[in-house]
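Read the figures in this text as sums done on the coordinates, not as results from a lab. Since we're looking at a predicted model, the values are computed, not measured. With ideal geometry, Cβ positions are generated from the backbone for all residues, glycine too; neighbour counts draw on all protein chains shown.
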């Protein structure tokens with residue numbers, strides 16, 4: 001948090017549990033959940049907490065690893081390699097892996113959930129999806145590392161707004 005304060009990129013900073021945000025109800029016009037929901041065990045409770053701090057006309061923007069991309073692997077590193085489904089799509093599964101690039105190793109642990117699990121959690125939290133995008137990565141990095149992801153979705157972007165209260 002020290003680096004964030006030194007960068008002065010916001011007026012206020014807080015470290016908190018995803019289900020106990022230290023903000024008043026309806027405080028924010030925009031909440032961004034960038035590559036975080038797939039790391040959390042209780043997405044429904046997190047989305048309810050986000051809904052609590054979101055203004056009635058506010059927007060929630062979500063970026064996650066596409067649920068489909070977790071369910072298989074490319075057979076090789078070639079750009080035209082087939083994508084092989086290893087696990088069923090519909091179950092909720094926790095997994096761990098290590099990515100290696102340019103001599104650096106980084107461990108990742110996350111949950112893989114089907115799209116319906118996110119949609120249901122949003123609906124149960126009083127949020128409606130207003131936009132869904134599956135961005136196609138740029139493939140021009142010279143090493144074709146992203147070329148294969150122009151055939152299979154890697155990320156999923158969602159926008160959601162609070163449902164009108166009855």
Neighbour-count ranking [beta-carbon atoms within 10 angstrom, fewest first] of 6, 123, 97: 6, 97, 123
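Restricting to Cα pairs below 8 Å that are 6+ residues apart, what does the relative contact order work out to for segment 55-121? Please round to a whole percent.
Value for segment 55-121: 26 percent.
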Cα centroid separation, segment 28-61 to segment 105-123 (Å): 14 Å
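Using Cβ contacts closer than 10 Å as the measure, can you line up 15, 64, 85 from fewest to most? Spell out each step's value before the answer.
On the way: 15 7, 64 23, 85 10.
Least to most surrounded, the residues fall as 15, 85, 64.
Pulled fully out, how much extra length does the chain show between residue 23 and residue 154, if you take 0.36 nm times their separation in residues and subtract their Cα-Cα distance?
Working: separation 131, 0.36 × 131 = 47.16 nm, distance 3.24 nm.
Fully extending the segment from residue 23 to residue 154 adds 43.9 nm.
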Ranking of 65, 31 by count of other Cβ atoms within 10 Å, fewest first: 65, 31
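With an 8 Å cut-off on Cα pairs and a minimum separation of 6 or more residues, tell me the relative contact order of segment 1-111 in percent. Numbers along the way, then the final one.
Details: 126 pairs, mean separation 23.2, N = 111.
Here the relative contact order equals 21 percent.
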Contact order relative to length of segment 32-73, as percent, for alpha carbon pairs under 8 angstrom and 6 or more apart: 62 percent
Taking only Cα atoms of the chain, radius of gyration then Dmax in Å: 17.9, 55
Folded to 0 to 90 degrees: helix 43-53 orientation relative to the chain principal axis, Cα: 40 degrees
